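Read through the structure below, which is laid out as structure tokens, and then see the notes.
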Amino acid sequence: MDTFFNFISHITWWIWIIIGLALVALRDIIQRRHSISHNYPIVGHFRYLLESIGPEIRQYFVANNREELPFNRIERGWIYASAKSENNYEGFGTDRDIYAHQHIFINNAMIPYKVEDDHVNAQDRYFLPCAKVIGAHNKRRRPFRPASVINVSAMSFGSLSARAIDSLNKGCKIAGAYHNTGEGGLSPYHSNGSDVIFHFGTGYFGVRTEDGNFSMEKMKKLVEDNPFVRAIELKLSQGAKPGKGGVLPGEKINKEIAEIRGVEIGKTVLSPPNHKAFSTIPEMVDFIEAIAEETGLPVGIKAAIGKLEQWEELTDIMKNTGRGPDFITVDGGEGGTGAAPPSFADHVSLPWVYGFGDLYKLFQKKELEKQIVFIGSGKLGFPGKAAMAFSMGVDIINVAREAMMSIGCIQAKVCHTNRCPSGVATQSEWLQRGIDVPLKSERAGQYFKTFRKEFLEITHAVGHEHPCQFKMSDIELNVHDHNLSSELSLTYQYKKTPVPFNGMQSLKDCEYLGGNNRKHK
């Protein structure tokens, strides 16, 4: 034995390296799972290494500033700078190809709207609430005017980390925005003082019975115990994977998540594609009205848009009975924070701009557009895109990935792996430690405020006081050259119905105004 140890001790370090490489090469030749490693021992591993860091190499060294998807470097940089209160300006003119297909042009006025000294925005340049009151038309007992036209879209605790949800909620409180819970249920991290939209899907997490059905009693209790819940959103589908259910693996369901979602610890839970509470459009309307009656809150629906036949049925019921949703969130087929098969993310449902235009025209045809609050969700978290959305008929914008970036997301695109390097979309406690909640909440709040300030500046440049006054003639979209570019009304074949608006002060004085302006807290 002494001889053996003596022999080992005399082996130099470079010999050990050769021995290690020889063992790796032997393992590569013997195994049959990876043909590259088998055919090219040792060297083949470099292929897998380069493949694993390929997105980072392209993101930081190869792709130009306007090339990446879903968000390019210029867009991400604007969000990061806005969230940090840094200089988010560009110098030396735009580097965007302004002659490219679908480039947005905003038609400015010769003389902009003037903000007088006694105007609300002279005292608060971030003040920009929704021009409509959610639930007012249907006379819900607790109508709600969102205090911000930009808010956090549906992202669940479980999909995002506890610290990420905590940061977003506290950021919403700072900015006076609302926070949509996502379908993972209402967690303690949603309870820091901001307005909340409670969102649920086919899993009924947080309001489900033991056998997975919807519980009205739990819904009523949730609303009674949490007065900061201002509206309820029923998810029919989402842009990332419309018409497809989801699976929450048992290994992700710890004690905290199990209690919040109302499921068993460590047991895999299936969210089916279809709701159990209803199976037809009339039954869905009855379901919406029952929840609104029991809770007193406005109730809306969220969906990605494809076929319109069932939407036509819904509008007929609303027209004939005066019953139905108070708001509709239109999600784009561009996908979002939800993990999905590429076949769904790439092909199922229409992009936001097409889907929303089709739906708005349908509601306009039935003379229902004034009573619905339309919420847009699909890469709209930039003032220029917001101007286009409002000119098409949107009343509010929800943002998901943009909000994630404001608290540190770097678009690593590994949300589905539980290995998010920034700690935003992971349940790893070690990775979450990178999120400083007080700092990130300030940045989230500042992103929303900066967005509203710049959006207001664009609105004033066009000659309007509030974005609800945008007309489709205010925006042009590149089709080819300027002789063929056209106003949105010509491109999408409808004209937006004017939104009633009596000045920003009337919004400030509204008794239903949410956020930090709540009259009854």
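The values are calculated or read from the model by the stated rules, or taken from the named source; none is laboratory data. As the structure is a computational prediction, the values presented were derived from the model and not from experiment. Glycine also receives a Cβ, built like all others from the backbone with ideal geometry; neighbour counts cover every protein chain displayed. Side chains included, ligands, DNA and RNA excluded: accessible areas come from the protein's heavy atoms. Shrake-Rupley method; radii C 1.70, N 1.55, O 1.52, S 1.80 Å.
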Review point. Cβ under 11 Å from Gly423's Cβ, Gly423 left aside: what net charge do those residues give with Lys, Arg +1 and Asp, Glu -1?
Key: +2
Revision key, fill the gap. Dividing the surface of the Cα convex hull of region 126-231 by four yields a projected area in nm² of 7.1 nm²
**Study point:** Summed side-chain charge close to Glu487 - residues other than Glu487 whose Cβ falls under 13 Å, Lys, Arg +1, Asp, Glu -1
**Key:** +1
Study note, to complete from the structure: Which of (i) 51, 31, 22; (ii) 44, 29, 23; (iii) 36, 28, 22 gives semi-axes √(5λ) of the Cα gyration tensor in Å as computed here? It is (ii)
Review point. Where does helix 216-225 land angle-wise versus the long Cα axis of the chain, in degrees 0 to 90, nearest 10?
Key: 80 degrees
Practice item. Please work out the Cα center distance from region 160-234 to region 106-125, rounded to the nearest Å. Key: 36 Å
Check your understanding: Using Cα atoms only, what is the angle between the long axis of helix 73-83 and the major principal axis of the chain, expressed in degrees (0 to 90) to the nearest 10?
Key -> 70 degrees
Review point. Which whole-angstrom value gives the distance between the alpha carbon centres of region 12-28 and region 345-377?
Key: 62 Å
Review point. Could you name the aspartates and glutamates in cross-link range of Lys267, using Cα to Cα under 20 Å and dropping any fewer than eight places away on the same chain?
Key: Glu183, Glu210, Asp211, Glu251, Glu256, Glu259
Point to revise | Equivalent ellipsoid semi-axes, region 129-170, via Cα gyration tensor eigenvalues times 5, rooted, Å | key: 28, 12, 8
Review point. Out of residues 5 or more away from His199 or on other chains, whose amide H comes under 5 Å of its own, with H placed 1.01 Å from N in the peptide plane?
Key: Thr181, Gly182, Glu233
Check your understanding: Got a number for carbon plus sulfur as a percent of the chain's accessible area, 1.4 Å probe?
Key -> 55 percent
Review point. Where Lys and Arg each count +1 and Asp and Glu each count -1, what net charge lies around Asn121 among other residues with Cβ under 15 Å from its Cβ?
Key: -2
Check your understanding: Per residue, how much accessible area does the chain have with a 1.4 Å probe, in Å²?
Key -> 48 Å²
**Study point:** Acute angle (nearest 10 degrees) that the helix 383-392 long axis makes with the longest principal axis of the chain, alpha-carbon atoms
**Key:** 50 degrees
